[in-house]
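Structure record follows, encoded as structure tokens.
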Amino acid sequence: MNNTYLFISDIHLGLQNKVTERDKEKLLVRFLNFAQTNCSELFIVGDLFDYWFEYKRVYQKGFFRTLTALQDLTNAGIKVHYFIGNHDFLHRDFFTSEIGAELHEDGIDKTLNGKRFFIAHGDGLVKNDMGYNILKSILRNKVLQKLYSLIHPDIGVYLASHTSKSSREYTSQKDYGEIDGLFEAAKSRIDLGYDYVLFGHLHKRIFEKYKNGYYVNLGSWLSAPCYGIFKDNKFEIVDWK
């Protein structure tokens, strides 16, 4: 059976001003409604939100229509994969128990229509980014997250949003050299037999052939919303307007 798979990444809901966010969410909800009748599985490859902190009995305010559209997808039998990015990493069980999505903290090996995919957000995979990897291990520490959850939600979400801003500034100012570190990470996996290696994180739309495989980066929704589609053994990145 030849199924259709859709991919999006780096929407960063909550980053921009209210008017821009409202328009961006409308665009996203239209896409999720489109996905409901046009795919078998949807892969959200990290940073759906610019920040996310989920308490045991509280989740943050805003973007209700997005959450509802995601639940409508799973209710319709569409499998939703949610990759935790470097901005929306503070999850508990809301997306699994309430929405029915499958959460992924790390990259996964997935065979789609007979082709082998490695899919990950991409953070922490650049060889010379030791500083970020240390920060990532701290922020994703379950004990520290549990302690953080003792802070009042209003304060906790406020601090999370500012941490997200600091992370973005660090990433944007970091000099990784002339070589695309994620392309180098993709090459090593293609050498292991993967047909497609798919990342987000970089905010650059890339589709590059290497030997017998392809490196794909999905770009972001901050300037040019788009989605990846894989069907009939062909991968494309398509503008969403």
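The values are calculated or read from the model by the stated rules, or taken from the named source; none is laboratory data. Everything quoted here is computed from the prediction, not taken from an experiment. Cβ sites come from the backbone with ideal geometry, for glycine too, and all protein chains shown count toward neighbours.
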Among what's in region 76-113 and is out of contact with any Asp or Glu (no Cβ under 9 Å at 6 or more places or on another chain) and more than 16 Å from Phe43 (Cα to Cα), pick the residue that is surrounded by the most Cβ atoms within 10 Å (Cβ to Cβ). Glu98
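Taking the conditions exactly as written (more than 15 Å from Gly200 (Cα to Cα), of a type in the set (Lys, Arg), surrounded by fewer than 22 Cβ atoms within 10 Å (Cβ to Cβ) and at pLDDT 80 or above), does Arg116 satisfy them or not? Let's see the steps before the verdict.
Values: more than 15 Å from Gly200 (Cα to Cα): yes; of a type in the set (Lys, Arg): yes; surrounded by fewer than 22 Cβ atoms within 10 Å (Cβ to Cβ): yes; at pLDDT 80 or above: yes.
Taking the combined requirement at face value, the residue satisfies it.
Within region 68-97, track down each residue that is in contact with a strand residue (DSSP E or B) (Cβ under 8 Å, 6 or more places away or on another chain), assigned to a helix (DSSP H, G or I) and not hydroxyl-bearing (Ser, Thr, Tyr).
In the first step, residues of region 68-97 are kept if they are in contact with a strand residue (DSSP E or B) (Cβ under 8 Å, 6 or more places away or on another chain); the result is 70, 73-74, 78-84, 87-88, 90-91, 95-96.
From what's left, assigned to a helix (DSSP H, G or I): 70, 73-74, 95-96.
Across region 68-97, the qualifying residues are Leu70, Leu73, Phe95.
Could you tell me which of the residues Leu48, Leu27, Leu42, Leu70 is in contact with a Leu (Cβ under 8 Å, 6 or more places away or on another chain) and in contact (Cβ under 8 Å) with a residue 40 or more places away in the chain? Even if it seems obvious, please write down each step before you answer.
Working: Leu27 fails: in contact with a Leu (Cβ under 8 Å, 6 or more places away or on another chain); Leu42 fails: in contact (Cβ under 8 Å) with a residue 40 or more places away in the chain; Leu70 fails: in contact (Cβ under 8 Å) with a residue 40 or more places away in the chain.
So the residue among Leu48, Leu27, Leu42, Leu70 that is in contact with a Leu (Cβ under 8 Å, 6 or more places away or on another chain) and in contact (Cβ under 8 Å) with a residue 40 or more places away in the chain is Leu48.
Residue by residue through region 191-220, note down the ones that are in a loop (DSSP other than H, G, I, E, B), among the hydrophobic types (A, V, I, L, M, F, W, C) and modelled with pLDDT of 95 or more. Let's see the steps before the verdict.
Going through region 191-220, the residues in a loop (DSSP other than H, G, I, E, B) turn out to be 191-195, 200-204, 211-212, 219-220.
Filter once more, keeping what is among the hydrophobic types (A, V, I, L, M, F, W, C): 192, 202.
Within region 191-220, Leu192 is the sole residue that qualifies.
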Leu15 being in contact with a helix residue (DSSP H, G or I) (Cβ under 9 Å, 6 or more places away or on another chain), of a type in the set (A, V, I, L, M, F, W, C) and assigned to a loop (DSSP other than H, G, I, E, B): yes
Could you tell me which of the residues Asp23, Asp50 is among the charged types (D, E, K, R) and closer than 22 Å to Ile206 by Cα? Asp50
